[in-house]
Structure formats: C-alpha cells, structure tokens
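Below: the structure, in structure tokens.
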Amino acid sequence: MDKVQKRIAVGAGKEPADTVIKNARIVNVFSGEIISGDVAIVDGFFAGVGGEYQAENILDAQNKYLSPAFIDGHVHIESSMVTPVEFAKIQLLHGVTGVICDPHEIANVSGKAGVQYMLDTAMNIPFDCHFMLPSCVPATPFENTGAELTAEDLLPFYDHPKVLGLAEVMNYPGVLNADEGLLKKITDARRLHRKIDGHAAGLTGNQLDVYMAAGITTDHECTTAEEALERLRKGMYVMIREGTAAKELKEVIKAVNTRNSRRFLFVTDDRHLDDVIAEGGIDHLVRMAIAEGVDSVTAIQMASLNAAECFGLEGYGAIAAGYNADFILTDNLTDLPISAVYKNGVCVADQGKLVNFPDDTTTLIPPPELLDSVKLPALKTEDFQIHLDGHLANVIEIIPNSILTKHLITEVETISSLFVPSPHKGLLKLAVIERHHQTGNIGLGIIKGLGLEKGAIATTVSHDSHNLMIAGTSDEDMLFAAKVIGEMQGGLAVVCDGKVLAKLELPISGLLSQGSYEEVNEQLLQINKSLEIIGCQQHFNPFLTLSFLALPVIPEIKLTDKGLFHVRSFQHMNVSASH
C-alpha cells in the first residue's frame, strides 16, 4: 500500500520521483503516436508520463526515442546452448527484458529435474523469464525420449511465480481424440485460468477449431500470410517466427495491416547464440518488419504490448503510469540502434555493455543426473550401414532455412546392396542413436541438401527427444563423431578423417554449456569455420537444420531412433522405395 501511495503522489507531482526522464520522444504503443513530455519513475514503475515531475536523478534522453523494451513470446532457451543467466545477459543487450520460454528441450531429456533447474537459474536476475510448462514430453510415441511428464508431474509447478501456463501443444491427434492424459493437462491449465500455447503446423479449417475449442489460442507455426489470416479469423494470436532454422517473417508479415496488427507478436522459438549476438533477438525481428513496410510504432507494439497482453502480463509492454519501467533508448526507429536498456527503472545495458548485472548470479551447479545423460551403446562401423532392396530410396530433402522437409524418392548409389553416400549429388547418411536408456536403437536414413563434401557432424541437440544425431560422408567419420560426443557427454562436433576440427561441450543434459555466452560464442565461431572446411553450405545453419530432422511432428518425413518416419501418415517407413 505504501508503494502504491508513493506512486500516486509522484504521478500527481506531490513527491519527487526516483528518476525523471527529460527530452525523450516517447513511443506510445496505445495510440500509435510519438509524444513528448517528461517521464517519472519510482520503485521500478512508471508513475507519470507527460507531466512535470521532480527528482534528484535526471536522465536527459537527448531527443532519443523512449520505447518499451521487447518481449519474446515463445523461445526455447536451450537452443542458445547457455544457461538462463547467460541467455539473459545477451538478450538484455538487445533490448529484450522478458521472454516466454518453454523448457521442453531439457524436460525431454531430464524430466522434472530439468524443468526445476531452469526455474531455479532464472530467479534473482534483472530479466523476466516466464515459463510455460511442457505439454508434450514425450512429443510423440514414435521415438525414445529421456523422460515423461504427466499432468500430475506438471501440477505442482503452477505454484511457481514464473509459470504462466501450458506450453505448445504439439499433439494434435491427442487433442482431436481427447487423449485422457493430454486433456488432463489442458483442463488443469484452464481450471487455473492459465494460457495454453498451440503448435498448429499444417493444420487448417476445422482442425484449428479443435484447438480453439480446447482453449489453445496461439500458434507460431505459420509459414504464409494465408495461414496467418486463417488463424486470425479463428480467433488465435499469431506468433511471427524468425529463428535460426525457421525463417518465416518476410512471408507472414504480409498478413499484418492496421486492422489486425494487435493480434500479432514476434517470437524467435529456436535461435542460436551466435545469431543473437550478430543480429539480435526480437530487436532483429522489429527491424525486419519495418524493412518490410510495417509502421515502426506498430512493429514495436507487436514486440511489446501485444506479447504482454497475449500472456496476461499486466503492467508490461508500454510506457504508461503503473507499468513496469522496462524500456530502451534509441536514436531512430528504422535501424533501431539500442543506446541503453532499462529494467525496472535501472540501466542494465549501456552502449552495448552490461551494467548493474548482479555478480552473484553464477550458474547453479546442475544436479548429477543432468550431467550424465549421454548413454551410448558400443558402436562399430557396421552399425551405420544402410541395406537397400534396389537403387531407389526414400530420402529426406531439406528445405534451407525451414524446419519442414520434402519426401524425395530417388535413385542412389549402392555397393552390394549397401547405400554409398554421394556428396557430389548431395546425398549423405543420417543416423539417430538413442542415448537415454541404452536401448541400442539406431535409426538410419538418407539426407539430401546438407552440403557436406567430407567428414561428419554430430549433435545431441535434436528436437525434441535429443538423441544423438549424426550426418556424414563415411561410416568411419560417423563412428568417430559418436565417440567424441560420448566423451563430452553431449554437444556439437565436426570431424574429418578421424580428427576433431571443432567441438562444443554441452554437458548439462547434452543441451547446455556451463560456460559464459562469450566462451560459447567463440566455440560456435570455430565450428562455423570448420563447417566451411568440410564444404557445408553457409546460407543456412547446418547444425540447427540437422537438429530438426528428428522432429516427427513437422512434415514431411523425419528420422527417429526407430527409423524413417512419415509425418502425415504417422507411420514409420522403409528407406528402400519402390516405383
């Protein structure tokens, strides 16, 4: 009550504020205007905008634009490969002060312990890391994953102050058929008046009605403007995604106009750390939207107020009295150079440098079970041999900068009925090795378009079950890559002719580094250089592309530890094909 009284008094001009900002051009995301006037801040909140206020601390904005800070509406922190603390540091530098994250990557490996670790490490930092609880662990029954989360497992987590709701429901057939376990998760969230995110890849018509009827009101899987408009008509919020692998903003943004823009928000979903450092996070998406013709204030509104309202985050996303004082200062609203970032009225980034970030927010030591998650079988080169009935094969053809794939039936080279990689034709071997329960499962397939000319690449980041995935030109290098990953207890590796060209250790559930974001970025740069050595294409990210080739909920065909999988028919299939 005392704080509210003080805020009222400051807003009325009766008491001094903690800070008064003068000479700013204020981005008003309610009216769509740029307004002028002073801004008063007290106890981390805006207390007044446009009036006359007093304070000992005067911040002269020097005619810069004062904009709400940005919110990422859907992100998997694990895709950055750093802990929430390190993730927060790099996001703050780009004007992002809050995210809605889904920890289903670490949950699929380490279950409740993984979710708890993410919650624990996100506390007590100047960054709003909100959580949606993983709804689909495992994502499907068509692969082996490290854990299972039931409705009973999730329920206690709703008591945590950072938990907002239920994360992306990927199991559309489960919703349609009212699967008891999934329906319990959905009804628990609805009973508690929590938000529920969707995952409507490829869905249309009354399939979207099924999601809406269940209380699932968002989707981040649109790839075209037409899909976005259909979801709007159904009443959904549309999340426009631009990650590292999935790049849909330029197409989906065509659906945005002055009548419907309030139902759009921006998300990165899965974005590698080096891309965030080089280009940015949500700030990068705002720049892209403006470049595509969206009004700058509208783009900022989508990145702030829209995201806050979508998730019921009252008091976030705007420069207005009673709202959290989360804002950025920028010289212009086109290139959006970020001069300074403030969280709860305190400067946390200034001219590209972190300031006032607590020194005692070191990464919590993970529990032992999170550091011993890669359990591989004894492997030999013969385990990578693909037997074919003829020269015709079902092949996974990648689509650059997309997590979708094409089902290709084509002739391949064989020797004694064994597939032989043809790098000159873009045809490589692909393997998914179960690494959680020592089942010995090895799924084998053929991939086209990854671009390796020699060697192999391997990763334990393979959505959503995160088994070990290897693509290569020879059985020997694929076997060696598996050995390197096993010794690291997870990570990324680039090998060639029995030598390690580059690697990144990810010992926390095979997904996260224990190092700083600067250290991880340096190792990623070395990996990128090594990819050039083995001939990988550089107009898309091979590792992130590889990591989605095991996700059996995204069309058309994928590879799991149980074999090649046809997504639309929800059935496994042979590598051998017939006319």
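A short reminder: the numbers here are calculations on the coordinates, not readings from a lab. Quick caveat, the model's predicted, so the values are computed rather than measured. Note that each Cβ is placed from the backbone with ideal geometry, even for glycine, and that neighbours are counted across all protein chains shown.
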Magnitude of the Cβ-charge dipole (Lys and Arg +1, Asp and Glu -1) of the chain about the Cα centre, nearest 20 debye, reported as 920
The relative contact order of the range 101-201, taking Cα pairs under 8 Å that sit 6 or more residues apart, comes to a percentage of 28
Cross-link reach from Lys3 to aspartates and glutamates, straight Cα distance under 14 Å and at least 8 residues apart if same chain, gives Glu15, Asp18, Asp43
Classified through the alpha carbon gyration tensor (a ≥ b ≥ c as square roots of its eigenvalues; rounded if a/c is under 1.5, else prolate when a/b is larger than b/c, else oblate), the range 471-579 comes out prolate
Karplus ³J(HN,Hα) for the range 554-568 (6.51 cos²θ - 1.76 cosθ + 1.60, θ = phi - 60°; Hz, whole; x = Gly/Pro) runs 10, x, 9, 10, 9, 10, 10, 5, 9, x, 5, 10, 9, 5, 5
For Lys89, the lysines lying under 18 Å Cα to Cα, once residues fewer than eight places off in the same chain are dropped, come out as Lys343, Lys353
Note: the range 88-224, point scatterers on Cα, Debye, no solvent; log10 I/I(0) at q = 0.19, 0.20 Å⁻¹ equals -1.13, -1.22
Expressed to one decimal in nm², the mean projection of the alpha carbon convex hull of the chain is 25.6
One would report the Cα pair-distance distribution of the range 69-315, bin width 10 Å, in %, as 8, 34, 38, 19, 2
Taking Cα atoms only, helix 104-121 is inclined relative to the longest principal axis of the chain by an angle, in degrees rounded to 10, of 30
Over the range 14-159, the quotient of the Cα radius of gyration and 2.2 N^0.38 Å is 1.40
At the level of C-alpha centres, the distance separating the range 457-474 and the range 84-160, in angstrom, is 22
Residue-ordered couplings for the range 66-76, obtained by feeding phi - 60° into the Karplus form 6.51 cos²θ - 1.76 cosθ + 1.60 and rounding to whole Hz (Gly and Pro as x), are 9, 10, x, 5, 9, 10, 8, x, 6, 8, 9
Normalised Cα Rg of the range 369-573, dividing by 2.2 N^0.38 Å with N its residue count, works out at 0.94
Magnitude of the Cβ-charge dipole (Lys and Arg +1, Asp and Glu -1) of the range 69-315 about the Cα centre, nearest 20 debye, reported as 720
Listed by chain and number, the residues whose amide H is under 5 Å from that of Ala340, excluding neighbours fewer than 5 places away on the same chain and using placed H, are Leu329, Gln351
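Projected area of the range 1-94, taken from the Cα convex hull and averaged over every viewing direction, in nm²?
8.0
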Amide H contacts under 5 Å for Ile196, restricted to residues at least 5 apart in sequence or on another chain and with H modeled in the peptide plane, are Leu166, Thr217
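For the chain, give the share of DSSP beta bridges that are antiparallel, in percent and rounded to the nearest 5; count only bridges with both residues there.
Percentage antiparallel, nearest 5: 70.
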Interchain or sequence-distant (5+) residues whose placed amide H lies within less than 5 Å of the amide H of Ala17 are Gln54, Ala55
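Averaged over every viewing direction, what's the projected area of the C-alpha convex hull for the range 151-254? Give it in nm², one decimal, please.
Reported value for the Cα convex hull: 7.1 nm².
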Using alpha carbon positions and the Kirkwood radius, the Rg to Rh ratio of the range 390-492 is 0.96
With only helices counted (DSSP H, runs n ≥ 4, each -39500 (n - 2.57)), the per-residue ellipticity at 222 nm for the chain, to the nearest 500, works out to -7000 deg cm²/dmol
Expressed as a whole-number percentage, the relative contact order of the range 49-144 with C-alpha contacts under 8 angstrom and at least six residues apart is 27
If each part is reduced to its alpha-carbon centroid, the range 509-545 and the range 286-311 end up apart, in Å, by 30
Over 29 Å (Cα to Cα) among Lys112/Lys184; Lys375/Lys454; Lys184/Lys406; Lys64/Lys529; Lys448/Lys483; Lys6/Lys162 -> Lys184/Lys406; Lys64/Lys529
Check: C-alpha center the range 42-79 vs C-alpha center the range 390-407, spacing in Å is 47
Most packed first (mean Cβ within 10 Å per residue), the peptides 424-435, 104-115 order as 104-115, 424-435
Toy charge model, Lys and Arg Cβ at +1, Asp and Glu Cβ at -1: the range 369-573 dipole around Cα centroid in debye, rounded to 20, equals 340
Computed ³J(HN,Hα) along the range 474-488: with the Karplus parameters 6.51/-1.76/1.60, θ = phi - 60°, integer Hz and x for glycine or proline, the list is 8, 5, 5, 5, 5, 5, 5, 4, 4, 5, 4, 5, x, 5, 7
With the 8 Å Cα cutoff and a minimum separation of six or more residues, the chain has a relative contact order in percent of 15
